[in-house]
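Following: one structure in structure tokens, then a few remarks.
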Amino acid sequence: MTTLMIEPAAGRFGDYGGRFVPESLVPACGELAAAFRDAWADPGFRAELDELLAVYAGRPTPLTPARNLSAELGIELLLKREDLAHTGSHKINNVLGQGLLARRMGKRRLIAETGAGSHGVATATAAALLGLEATVYMGERDMERQRLNVLRMTTLGAEVVPVTTGSRTLKDATNEAMRAWVADVDGAHFLLGSVGGPHPYPWMVRELQRVIGEEARRQAPYVPDVVVACVGGGSNAAGTFAGFADTGARLVGVEAAGGAALTDGAPGVVHGARSMVLQDAEGQVAEAQSIAAGLDYPGVGPEHAHLAATGRAEYHTVKDDEVVAAVRRLARAEGLICALESAHAVAWVLREAGTPLLPAGTRVLLTLSGRGDKDMATLGDVA
Ligand SMILES: *Cc1c(COP(=O)(O)O)cnc(C)c1O
């Protein structure tokens, strides 16, 4: 699948992607694309990033056979352990790459949006490490839901700006972060947390997350039949898929039933890219609804819209109650408490094992995108 291998021309993935931004951001997006193209081709930059990923972020993360659950389900399940990466999820891969790039571009400040707070914490972490300032936009409602992550960010020295508009969640925080970038486009780098947004973000973030899939490919004793990951904006899935795009493995993304842009959405433009978007009857961006704050987003990265349209990847949904049950079952079977986001992928495997979607004996590789510490209060509220 060449679309997963190279920079897409003009940032287009088939009918999706592109750059739909205010005129004031067009030069900045162009400069960013040129800077990343240059850095990504520079062995010095790659070596610096690889070193940070190894000695700072804890890569390579292990590939763990889920032996007990495999026996219970009658399949072979391998877990790619992004929960063991520094700050507790795959988000660190992206922020270290973009942080190094921002420094290389002479920026002094990182601006980020965050939902659950994981991307905000990762951005604050990269800023501290690399000697940059960080301003993180977070919906007021998410700040209440994820108090601990707010404290982590401020402890790391970041400024957290509450967003009080709209649904006071990730969609609105992203709008505010983009506005803040317009206001300080020379001094700041907008560090987008997933594979959405205008070109070059969908391409750049997928390249920075590709390490997940490439490591897993090397670590797995075989090419799996099915590769599965949860999809919010789609970065851990895109990075995972990138390692298996040229194999015969089925690529499966799992969305929250209440935020299923690929299943329930329609083509539209959100946050600078044409993709699949949840919309109301008037075509306005609709609210997403998920127990996992990190999946509570009405859009999805444009490459996933393209992979769905071409049939190279398939996308399914799971409901909140299945997700909660999946966290508990994985915890009890394997001693792993995963994030509610990651549990979407687990829930789909639990539901489909033994059905025609995952017949007995299927070899499944699943990316466990993060750890569940941040979700204990949420889980505690669910009977
Ligand atoms: C942010 C996050 C997600 C969702 O983001 P993607 O871009 O879809 O990967 C999934 N899992 C965890 C643990 C997260 O922190």
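To keep it simple, each residue is scored yes or no on (1) outside the structural domain of ARG332 (by TED's automatic domain parsing); (2) among the hydrophobic types (A, V, I, L, M, F, W, C).
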position: PRO22; (1), (2): yes, no
position: ALA34; (1), (2): yes, yes
position: ARG37; (1), (2): yes, no
position: TRP40; (1), (2): yes, yes
position: LEU49; (1), (2): yes, yes
position: LEU73; (1), (2): no, yes
position: LEU78; (1), (2): no, yes
position: LEU84; (1), (2): no, yes
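Hey, could you check segment 261-312 for residues that are surrounded by fewer than 24 Cβ atoms within 10 Å (Cβ to Cβ) and in contact with a Ser or Thr (Cβ under 6 Å, 6 or more places away or on another chain) and say which is nearest to VAL323 (Cα to Cα)?
THR263
Return the total of residues in segment 1-38 being modelled with pLDDT under 95, charged (D, E, K, R) and under 23 Å from GLU214 (Cβ atoms).
Here the count works out to 1.
Given LEU110, LEU129, LEU84, which one is open to solvent by less than 30 Å² (accessible area, probe 1.4 Å) and either hydrophobic (A, V, I, L, M, F, W, C) or more than 23 Å from PRO202 (Cα to Cα) (or both)?
Checking each option against the conditions leaves just LEU110.
Say we look at segment 182-196 and pick out the residues that are away from the ligand (no atom under 11 Å from the Cβ), closer than 12 Å to CYS29 by Cβ and not in a helix (DSSP H, G or I); which of these is nearest to the chain's Cα centre (by Cα)?
Filtering first and then ranking leaves PHE190.
Got at least one residue in segment 319-337 being open to solvent by less than 20 Å² (accessible area, probe 1.4 Å), in contact (Cβ under 8 Å) with a residue 40 or more places away in the chain and closer than 18 Å to PRO65 by Cβ?
yes
Output the number of the condition that VAL211 fails; it satisfies all remaining conditions of (1) in a loop (DSSP other than H, G, I, E, B); (2) open to solvent by 10 Å² or more (accessible area, probe 1.4 Å); (3) touching a residue at least 40 places away in the same chain (Cβ under 8 Å).
Result: VAL211 fails condition (1) only.
Does ASN94 qualify as being part of a helix (DSSP H, G or I) and open to solvent by less than 30 Å² (accessible area, probe 1.4 Å)?
Taking the combined requirement at face value, the residue satisfies it.
Among the residues of segment 197-220, write down those that are more than 13 Å from the ligand (Cβ to nearest atom) and of a type in the set (Val, Ile, Thr).
Once the filter is applied, which keeps residues that are more than 13 Å from the ligand (Cβ to nearest atom) and of a type in the set (Val, Ile, Thr), segment 197-220 yields only VAL211.
Do we have ALA122 as within 14 Å of the ligand (Cβ to nearest atom), part of a helix (DSSP H, G or I) and aliphatic (A, V, I, L, M) here?
So ALA122 passes the test.
Quick test for you: out of LEU170, LEU191, pick the one residue that is within 22 Å of ALA305 (Cβ to Cβ) and among the aliphatic types (A, V, I, L, M).
It is LEU170.
The values are calculated or read from the model by the stated rules, or taken from the named source; none is laboratory data. All values reported here derive from a predicted model rather than from experimental measurement. So basically every Cβ, Gly included, is an ideal-geometry build from the backbone, and we count neighbours across all protein chains shown. With ligands, DNA and RNA removed, areas are computed over all heavy atoms of the protein, side chains included. Shrake-Rupley method; radii C 1.70, N 1.55, O 1.52, S 1.80 Å.
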